[in-house]
Amino acid sequence: MKLKNCQKFCALLFVGILSLVFFAFTITSHATDKIQLRFATVFSQTHLHTVLNQMFADEIKKRTNGKVEITIYPVGTLAAPAKVYDAVVQGIADIGMSCPLWVAGRFPLSEIFEMPSEIPSAWVTTKTYADLFNKFTFKEYEEVHILYLHGPGRNVIATKNKPVYKLEDLKGLTLRTSGSTVDLIKAWGAVPRAMPMSEVYEALQKGVVDGNFAVPEVLKGWNVAELVKYVTIPPISTSSCQFVAMNKKKWESLPADVKKVFTELSNEYAERQAYVWMYYDKIGLDYFKSLPGRQVIVIPKEEKEKWEKPARVVLEKYIADKERMGLPMKDYVKYFFERVAYYMERQPSEEEAVKWVESHLIKK
């Protein structure tokens, strides 16, 4: 009797152990089924671009039924801003958003956005960048999988003491700028001074620079409006651009249904990213206008040729330099200007962008 009870107990114990092992295996299996991704961005935790990145992550999780979880890493927490692209290539970050132009010479086709054009808004930049990428081979991005591309609108001239009503007024002024825009500032007769935005406020305070050449966002975001009295909107200007890219091996490892979700959402979020840029530019300029003694100067169309003539020299040099690299620059630049003109006639209003941002990203 005792032997039978012992055998029964051992059998039950064995079944129990098997059940525990199976349960543990099932839990582990479900855990490993989840896809955990790290997303490095170049903006702070509270910046609306980061808020939008989090919305993107939440929507990915929802549309994949919880299969994919993305953790957002704000500026500097996973990689330095200029190192985000390399972090994605190396797998330190699975996804990254940054500006390719912060690494000089590495992204020759993307540099077109630092060339003079009539780009008026982030929406036009974003749509044009996507069309260029879809039509031409961007070898500069061959190490990653591009989810989507976007970028800000035009740069404006903000000066501390001297207003710029015409091109000749730039002569002798020292303007802070960055990247390839140095060439344009020089061609216009001003003295370019390359420096990061983090140094601009102090440089204006101490008189190291007379003004700043950047997007209107910085008027409020970097408190530049406190120190400058004049903002000049030139008839042509420069812009910039950003990528949202995934590690290539990580992308290739994703199931087809997950890839489909990423592709669909990326198409939606490129435009939303443009809305965020437009929102910041509008509130930056509105803030500047709200301060006493401030003036916004719009260069009239009759003066456009004066600004374009020296700018063409800068563009021609860009074309020649990149042609020596074997790039199809004449076709590329021609298509760039065609798409800019096309989207300029179709862009949404700033008010539409602001309305979307306020209703979706800003907590009341």
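Just so you know, in segment 159-194 the residues that are surrounded by 14 or more Cβ atoms within 10 Å (Cβ to Cβ) and of a type in the set (D, E) include one that is farthest from V231 (Cα to Cα), and it is D183.
Kindly indicate the residue of segment 236-260 that is small (G, A, S) and touching a helix residue (DSSP H, G or I) at 6+ places or on another chain (Cβ under 6 Å) and also nearest to T50 (Cα to Cα) among those meeting that condition. Only one residue tops the list, namely A245.
Can you tell me how many residues within segment 168-211 are of a type in the set (K, R) and assigned to a helix (DSSP H, G or I)?
Step one: list which residues in segment 168-211 are of a type in the set (K, R), which gives 171, 176, 186, 193, 206.
With the extra rule that they be assigned to a helix (DSSP H, G or I), the set shrinks to 186, 206.
Summing the residues that are of a type in the set (K, R) and assigned to a helix (DSSP H, G or I) in segment 168-211 gives 2.
Of all residues in segment 222-269, those being of a type in the set (G, A, S), under 28 Å from L109 (Cβ atoms) and crowded, with 17+ Cβ neighbours inside 10 Å number 5. Among the residues of segment 41-72, those identified as of a type in the set (S, T, Y), more than 19 Å from V144 (Cα to Cα) and surrounded by 19 or more Cβ atoms within 10 Å (Cβ to Cβ) are T50, T64.
Just so you know, in segment 212-249 the residues that are within 13 Å of I146 (Cβ to Cβ) and not hydrophobic (A, V, I, L, M, F, W, C) include one that is farthest from the chain's Cα centre (by Cα), and it is K248. K206 meets all of the listed conditions (1) of a type outside the set (G, A, S); (2) surrounded by fewer than 19 Cβ atoms within 10 Å (Cβ to Cβ); (3) under 23 Å from the mean Cα position of the chain (by Cα) but one, namely (3). Which ones in segment 200-230 are over 21 Å from P120 (Cβ atoms), charged (D, E, K, R) and touching a residue at least 12 places away in the same chain (Cβ under 8 Å)? Residues satisfying the conditions are D210, E226, K229. When you scan segment 81-96, do you find a residue that is surrounded by 13 or more Cβ atoms within 10 Å (Cβ to Cβ), out of contact with any strand residue (DSSP E or B) (no Cβ under 7 Å at 6 or more places or on another chain) and at pLDDT below 95, even just one? Checked against the condition, which is being surrounded by 13 or more Cβ atoms within 10 Å (Cβ to Cβ), out of contact with any strand residue (DSSP E or B) (no Cβ under 7 Å at 6 or more places or on another chain) and at pLDDT below 95, segment 81-96 yields at least one hit.
Filter segment 313-325 down to the residues that are loosely packed, with under 14 Cβ neighbours inside 10 Å and in contact (Cβ under 8 Å) with a residue 60 or more places away in the chain, then identify the one that is nearest to T159 (Cα to Cα). Steps first, answer last, please.
Restricting attention to segment 313-325, the residues satisfying the condition of being loosely packed, with under 14 Cβ neighbours inside 10 Å are 313, 316, 320, 323-325.
Within this subset, residues satisfying the condition of being in contact (Cβ under 8 Å) with a residue 60 or more places away in the chain are 313, 325.
Numbers: V313: 25, M325: 37 Å.
Across segment 313-325, the extreme among qualifying residues is V313.
Among residues of segment 39-57 that are over 17 Å from P152 (Cα atoms), those with a beta-carbon under 9 Å from a residue that is of a type in the set (D, E) and in a loop (DSSP other than H, G, I, E, B) at least six positions away or on a different chain give the pairs F39/D94; A40/D94. Scanning segment 204-235 for residues that are touching a helix residue (DSSP H, G or I) at 6+ places or on another chain (Cβ under 6 Å) and over 20 Å from R193 (Cα atoms) turns up K220, P235. Which residue is surrounded by the fewest Cβ atoms within 10 Å (Cβ to Cβ), if the candidates are limited to segment 280-294 and must be free of Cβ contacts under 8 Å to residues at least 12 places away in the same chain and assigned to a helix (DSSP H, G or I)? Result: S290.
Condition check for I297 on (1) part of a loop (DSSP other than H, G, I, E, B); (2) over 25 Å from F138 (Cβ atoms): one failure, at (1).
Checked against the criterion of being without any contact (Cβ under 8 Å) to a residue 40 or more places away in the chain and either in a helix (DSSP H, G or I) or in contact with a Gly (Cβ under 7 Å, 6 or more places away or on another chain) (or both), the candidates K83, K127 yield just one match: K83. Can you tell me which residue in segment 326-364 is surrounded by the most Cβ atoms within 10 Å (Cβ to Cβ), limited to those that are in contact with a Phe, Trp or Tyr (Cβ under 8 Å, 6 or more places away or on another chain) and part of a loop (DSSP other than H, G, I, E, B)? Among those residues, the one meeting the criterion is Q347. Hey, any hits in segment 216-227 for a residue that's part of a strand (DSSP E or B) and at pLDDT 95 or above? No - not one qualifying residue is present in segment 216-227.
The values are calculated or read from the model by the stated rules, or taken from the named source; none is laboratory data. Computed from a predicted model, the values in this text were never measured in an experiment. A quick note on method: Cβ atoms are made from the backbone with ideal geometry, for glycine too, and the neighbour counts reach across all protein chains shown.
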